[in-house]
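Accompanying notes for the structure given below.
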Amino acid sequence: MRAISLLRVWLFLLIVPFTLELYGQKKPIKDYRIVFYNTENLFDPFDDPATNDGEYTPGGKCHWTMSRLDQKVMMVYRAIISASNGEFPDIIGLAEIENLWILEYLLKKSPFKEANYGIVHKESPDPRGIDVAMLYRKETVVPIDFEFIPVHGNGSSNFSSRDILRFKAQLNKETIHFFVNHWPSRSVGYMETLEKRNIAARIVRRTIDSLLVINPQSKLLLMGDFNATPDEDCFSKILGTTAQAKSSGGKTLINLSQKWMDEGLGTIRTRGRWEIFDQFICSYNLLNVNGLHISQRETIICTEDFLMEEDKRYLGKKPFRTYLGPVYHGGVSDHLPISTVIKSEVPRVR
């Protein structure tokens, strides 16, 4: 009898903790941190005869060296980690990186090497050789497929720009399409380049429509440097964005960055005026709390002090750049990193 009693006690001690774990405690909910960053000319110091990258070599006008690159790599790492609340992001979208070598160098020469990131990259037709790319954590993100969508125009709008990256992946067994954008620059004038950005918007819209035909419930997240602000026609009239979710779905996209404009914030500063070029845009289905969903409250611009400096000409603060013209300045980028959080569904108590 004593042996049977001891057996019952042993079974009780074994079963109760397991039962408490199932019914008395909740498993941690995985949140997925997403960061986008335009790193402003993250070049290697080697001359590539196929591109116009000569200024970013030791003998070029910027006198770009390995030591300067190493400093920038650590600052890029610090910026991304700061934007991700001190954690390794699950997804990192990047713009203005030169090539695969520089991505591998970033992962190898910074603490990113501890996080086991995969790389999605392809050389684009940009004349200076700058590309978009994505890094993803292999432990938390399951890649399904990807494509690089050409951005070019014909006739009077004959041009080639950076490709748009579409990355399809599983997070917590749900599928999400991520888009990384770097739309045509307005460096030679706003009106002179307006149609180029409108063309980019049409290309993205067509791609999204084709995905929604296959699955109207598709979850989509666009990120990037769009070289346009949320109130421009390329968003509202072509891409079909709105600041608020006013319907139960459909083709409407929600511009999560519109609120920054309403608050007077920005990701880039020109002649003393903040503008929002770097943005997150999502499908209505990614706002739905049924499964993975965007946290609008946690969609932010990172404004840590080390990313900023005094604007002596226009007053206030501005992003701390690597170069001012051809003069080395020691900063990191003329853009600020942005981040958001994709949350898992909160389990219901039954």
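Bear in mind these aren't lab numbers, they're just calculated from the coordinates by the rules spelled out. All values reported here derive from a predicted model rather than from experimental measurement. Here the Cβ positions follow ideal geometry from the backbone for every residue, glycine too, while neighbour counts run over all protein chains shown.
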Self-check item: Tilt relative to the chain, helix 66-83 - C-alpha long axis, 0 to 90 degrees, to 10
Solution: 50 degrees
Self-check item: Inter-part distance where the stretch 86-121 and the stretch 269-313 are each reduced to a Cα centre, Å
Solution: 20 Å
Self-check item: Amide H within-cut-off set for S257, under 5 Å, with H built and near neighbours excluded
Solution: F280
Quiz item: Where does the charge balance sit around W64 when Lys and Arg score +1, Asp and Glu -1, over other residues with C-beta under 10 Å from its C-beta?
Solution: 0
Quiz item: Is there a pair in K108/K251; K173/K196; K196/K219; K196/K251 whose C-alpha atoms are over 31 Å apart, and which pairs would that be?
Solution: K108/K251; K173/K196
Quiz item: Per-residue HN-Hα couplings for the stretch 184-193, Karplus 6.51 cos²θ - 1.76 cosθ + 1.60 at θ = phi - 60°, whole Hz, x for Gly and Pro?
Solution: x, 5, 9, 4, 9, x, 5, 5, 5, 10
Quiz item: Applying the Karplus parametrisation 6.51 cos²θ - 1.76 cosθ + 1.60 with θ = phi - 60° to the phi angles of the stretch 316-321, what ³J(HN,Hα) value in whole Hz is obtained for each residue in order, glycine and proline being reported as x?
Solution: x, 10, 8, x, 8, 8
Quiz item: Under a straight-distance cross-link criterion of Cα-Cα below 30 Å, which lysines are reachable from K312, leaving out those fewer than 8 residues away in the same chain?
Solution: K61, K72, K259
Quiz item: If each residue's Cβ is checked for other Cβ atoms within 10 Å, how do V142, V35, V132 rank with the fewest at the top?
Solution: V142, V35, V132
Quiz item: For the stretch 26-343, what number results from the quotient of the Cα radius of gyration and 2.2 N^0.38 Å?
Solution: 0.95
Quiz item: Going by how many other Cβ atoms sit within 10 Å of their own, how do H182, H293 line up, fewest first?
Solution: H293, H182
